[in-house]
Every structure is written in structure tokens, then in C-alpha cells.
Amino acid sequence: MQRPVCLLIWLFLLEAQAFEIPINGNSEFAEYSDLVELAPDKLPFVQENGRHQRSLPEESGEETDTVDPVTLYSYKVQSTITSRVATTTIQSKLVNNSPLPQSVVFDVQIPKGAFISNFTMTVNGMTFTSSIKEKTVGRALYSQARAKGKTAGWVRSRTLDMENFNTEVNIPPGAKVQFELHYQEVKWRKLGSYEHKIHLQPGKLAKHLEVNVWIIEPQGMRFLHVPDTFEGHFQGVPVISKGQQKAHVSFKPTVAQQRKCPNCTETAVNGELVVMYDVNREEKAGELEVFNGYFVHFFAPENLDPIPKNILFVIDVSGSMWGIKMKQTVEAMKTILDDLRTDDQFSVVDFNHNVRTWRNDLVSATKTQIADAKRYIEKIQPSGGTNINEALLRAIFILNEASNMGLLNPDSVSLIILVSDGDPTVAAMGEMTAGLDNLSINHFFPYL
């Protein structure tokens, strides 16, 4: 089976000059006296149940007021989208104001499919970085690190379209810590627009909170929209500027604007900042762009009717697909089937060490047939080996038979969508000749 890869935040000391993160004695942090806006009238702390309270005279009759021992000095997010490729940096700076060590958590959500290119952590001038390990090795190292009380992080799936990145570190009194995460993702056009989501969850009020999204599209921008995703709390806060090929979205709420209510100590910044846009399109063979030694071809012309499709879904139901992989495959298949049009034809082939078919020939994508196919897929129980070769040969045979019998629309496109988590284990992949000029075989990997 193909070995999946995970990101393990395995921290080790590096020389400061190996990074471009400015430390310079941590001058990027304000002195504690500059943080009074978050903790006004700060007085000496008295430890109580892991929290801190201001020491107030008993004769005042006033109730004690709790203060968070860890101050979030700044929380900054920067995204640059160039030709529908987004690079995002999330930076968080915190200060331990208490006389005792404190546990500090860096917890963010990133889009599924995004590639984490770097993670660094700086504690009092000492810089640490991450490494990427094979999934089983990474999981073992992560467990060992946690058992020994060391700092480690792990990327976990939380929702259908986001993944959770979490790491925790124990910092001494007066320590200043900076977390910085970099990730990249390709934007996909859906329902007529590209959508860029930034999940904002600083967890507490930030002295400085700033989000900047820069968009550069050589084709020109047709529209730009920032929907209200915070139920009107930050109305007027996002500042939008748009030119013909460039746009900038700025989100910089003050501490007062971050509060849930005028006297609240909780932050209202807990949700997604969404930027939606589309580019200008012409009826031509797409757009070819070359930069940094790579090229990308965008093809999404307007005013063209959808092409009829002949689709064979080939689903791996071997033992390795048990659990979350099979659940995600079923949910993905149900969504894909709902998107089929009535002039499309399809069938389903599922395989482990044996090969089975839902239908031995292509059927029209009517509501009745789609509902029946969903019921068939939902009853699948993974087990056995992985005979990819025979499954693909069966799918190609069904398409060839339909073509030979003249059952395929001459303007249609034939597709085989293979849903599997790895390599064949029953038989080696043989040489396959489709006999169809417009056949495309696509391999889809469920979450590993």
C-alpha cells in the first residue's frame, strides 16, 4: 500500500541565523506596561487554582477580578493569492505575565488539501522548527514526545473542509513565545467563484489583530465580495480595495471591537473570514501562465453547455479502507452522484480481492438510478485484498461494450474515477488498452 505522509511538529533547536524571523532580543514584543489595555489597572498577582487574581484591599468590599496570566500580544494572518495559488502565514505572539510556568496552545484550522510548508516556534530567542515524517513513524514519535512531556504537534481532521493544527508548549515565567505557520493551497472554482477562507480563532483578545489578503490576477478580476460571516459584529471593519488586476482586503479590529460586549473579556473573533472573487474569462482555450519555472493551465470558458459524461466509478473496498476512509468515500460518492446530470451515464464497480458491479452496463443518471446506487454504496463493508488491475479492466470492458454497441453519445466524454488508498496487493497492474479516444482515468485518494 502507498505510505501516507503526515506532518509531525518535532521540535529541535536551530541556529538563529537559519531563519528570517526577527528576534533581536524579542524586541517585537511590547513591554508589559504596553499591555495595560488588556489588563487595566494591573496589580500584583496572587496564585489561586491555576489562575491569577488582583490583590485588592479587603476593606474595599469589591469583588476580585480574574486576569488571564498569558497575554496575546499579536495575532496576524497574511494571505497572498497569485493566479489562484494562495500562500498563507499565521503568526501568534504571546507573553507569560505570571510568576509560574504556563501552558500555551497554538490551535488553528487550515483548509483540507493545503500543504504546510513550514512551522517555527521561538521562545525567548530560541528557535525551533518542524519536520515531516511518514504517518506511522510520525504517530509513534508524537506519542513518545507527549509521554516524555516534550513539545509536539499533530495535524488532525476536524471538519469536512478543514483540518486542525495543534501544538502546545510549557513556557517559564516572563517568557515570550512566537508561533508561525506557513501553508499553501490551490483555489478551485465552485459555483462561479473562487473562495478563500481564513479561520480566525485567536482564543482571546489580542493587542494587535490584523488580517491582510492580497489578490493578484493577471486575467483581471470580474468581482470581489467579502460576506458578513460574523453576524454583523464587525460591520465596516473589513476594508476592501479593488483594481483591475489587484485587490486588498484588510481586517484590523481594535481591542474594543474584538470584545463580545463593551465590558466582556471574551473575543468575538471566532469564525471564518471569507473572500470570494472571480476572474475575467473569454471564449478561448483557457489561460497558460508560467512563473518560477512552473506553468499552470486554467480552462473554464463561459457560455458552453456541459458535456455529457460516461462515468465508471471504481471503488476500493479492501480491508485498508475500513473506518474513516470508507465513510469519507461514501460521503464523497453521494455528493458526486447528486451532481450528475440526466444526460450523463454511469455505473459502479467495487473491488477487494474480487470484483463486483452495481450494474453490468451504463445507465442514465435518473433520480431513481442515483438513489439505488447510493443504497448500494452505503451497504459496502471493506475487507480483503486490493485487485485494482481486474477492477480497471472490468470498467474498461463496460465502456468498450457500450461504445461498440453505439450506446455512447459521440459528443460525450468517458471517465473512470478510481477511488483507492494505495497500490494493488492481489495482482500487478497489467497493460490496459481502453480503445476509447477520449477516455480519462482519474485516481482519487480518500483522507489518509
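For the pairs LYS93/LYS204; LYS187/LYS246; LYS112/LYS197; LYS76/LYS246, flag any whose C-alpha to C-alpha distance is greater than 18 Å.
Working: LYS93/LYS204 12 Å; LYS187/LYS246 16 Å; LYS112/LYS197 11 Å; LYS76/LYS246 21 Å.
LYS76/LYS246, as the Cα separations exceed 18 Å there.
Quick one: length gained pulling GLU272 to HIS248 fully straight, 0.36 nm per residue minus the C-alpha distance?
Details: separation 24, 0.36 × 24 = 8.64 nm, distance 1.71 nm.
Here the answer is 6.9 nm.
For a quick check: with amide H placed at 1.01 Å from N, whose amide H comes under 5 Å from LEU415's, ignoring anything fewer than 5 positions away on the same chain?
Amide H to amide H, under 5 Å and 5 or more residues apart or across chains, LEU415 pairs with ASN310, ILE311, LEU312, SER440.
Which of the peptides 101-112, 353-364 is most tightly packed, and how do the rest follow, going by the mean number of other Cβ atoms within 10 Å of each residue? Display every interim value, and only then the final one.
Numbers: 101-112: 17.8, 353-364: 15.7.
With the highest mean Cβ count within 10 Å placed first, the list reads 101-112, 353-364.
Full extension from LYS327 to ASN263: what is 0.36 nm times the residue separation minus their Cα-Cα distance, to one decimal in nm?
Working: separation 64, 0.36 × 64 = 23.04 nm, distance 4.50 nm.
Here the segment from LYS327 to ASN263 would lengthen by 18.5 nm.
Quick one: length gained pulling TRP188 to ASN354 fully straight, 0.36 nm per residue minus the C-alpha distance? Walk me through the numbers on the way to the answer.
Values: separation 166, 0.36 × 166 = 59.76 nm, distance 3.57 nm.
Result for the pair: 56.2 nm of gain on full extension.
From the phi of every residue in the range 355-366, what ³J(HN,Hα) in whole Hz does the Karplus formula 6.51 cos²θ - 1.76 cosθ + 1.60 yield, where θ is phi - 60° and glycine or proline is x?
Karplus-based 3J(HN,Hα) across the range 355-366 equals 10, 10, 10, 5, 9, 7, 9, 6, 10, 5, 7, 7 Hz.
Once amide H atoms are placed 1.01 Å from N in the peptide plane, what residues at a sequence separation of 5 or more from PHE128, or on another chain, have their amide H within under 5 Å of its amide H?
Answer set, sorted by chain and number: MET121, THR122, VAL123.
Write down the accessible area per residue of the range 319-379 in Å², having rolled a 1.4 Å probe over the full set of protein chains. Working shown, then result.
Values: 3240 Å² over 61 residues.
Here the residues of the range 319-379 average 53 Å² of exposed surface.
Modelled label-to-label distance, ASP343 and ASP228, 7 Å Cα→beta-carbon offset: nm?
Placing both labels 7 Å beyond Cα along the Cβ direction yields 4.2 nm.
Could you point to the residue in THR229, VAL249, VAL177 farthest towards the positive end of the range 176-262's charge dipole, with +1 and -1 charges on the Cβ of Lys/Arg and Asp/Glu respectively?
Checked the options; the winner is VAL177.
Ignoring ligands, DNA and RNA, what percent of the accessible area of the range 306-417 is carbon or sulfur (1.4 Å)?
Details: 2740 of 5240 Å².
C and S fraction of accessible area: 52 percent.
How far apart, in nm, are two points set 7 Å out from the Cα along the Cα-to-Cβ line at VAL137 and at GLN381?
3.7
Please give the net charge around ALA206, taking every other residue with its beta carbon less than 10 angstrom from that of ALA206, where Lys and Arg add +1 and Asp and Glu add -1.
Values: positive: LYS76, LYS93, LYS204, LYS207; negative: GLU210.
It works out to a net charge of +3.
For TYR376, tell me the accessible area in Å² from a 1.4 Å probe, rounded to the nearest 10.
That residue has around 60 Å² of solvent-accessible surface.
In nm, give the distance between the simple-model label positions of THR335 and SER117, each being 7 Å from the Cα along the Cα-to-Cβ direction.
A separation of 2.6 nm, rounded to one decimal place.
I'd like the Karplus ³J(HN,Hα) series for the range 175-192: coefficients 6.51, -1.76, 1.60, θ = phi - 60°, whole numbers in Hz, and an x wherever there's a Gly or Pro.
6, 10, 10, 10, 9, 9, 10, 10, 8, 10, 7, 9, 7, 10, 7, 9, 6, x
Which sequence of PHE115, PHE351, PHE230 reflects their accessible areas, 1.4 Å probe, from the largest down?
Putting PHE115, PHE351, PHE230 in descending order of accessible area: PHE115, PHE230, PHE351.
May I ask you to give the percent of accessible area on the range 178-286 that is carbon plus sulfur, with a probe radius of 1.4 Å? Spell out each step's value before the answer.
Details: 2740 of 5650 Å².
Summing carbon and sulfur atoms, their accessible area is 49 percent of the total for the range 178-286.
The values are calculated or read from the model by the stated rules, or taken from the named source; none is laboratory data. Because the structure is a prediction, the values reported are computed rather than measured. Counting neighbours? That spans all protein chains shown, and the Cβs are built from the backbone with ideal geometry, glycine included. Accessible surface is based on the protein model in full, side chains and every heavy atom, while ligands, DNA and RNA are left aside. Shrake-Rupley method; radii C 1.70, N 1.55, O 1.52, S 1.80 Å.
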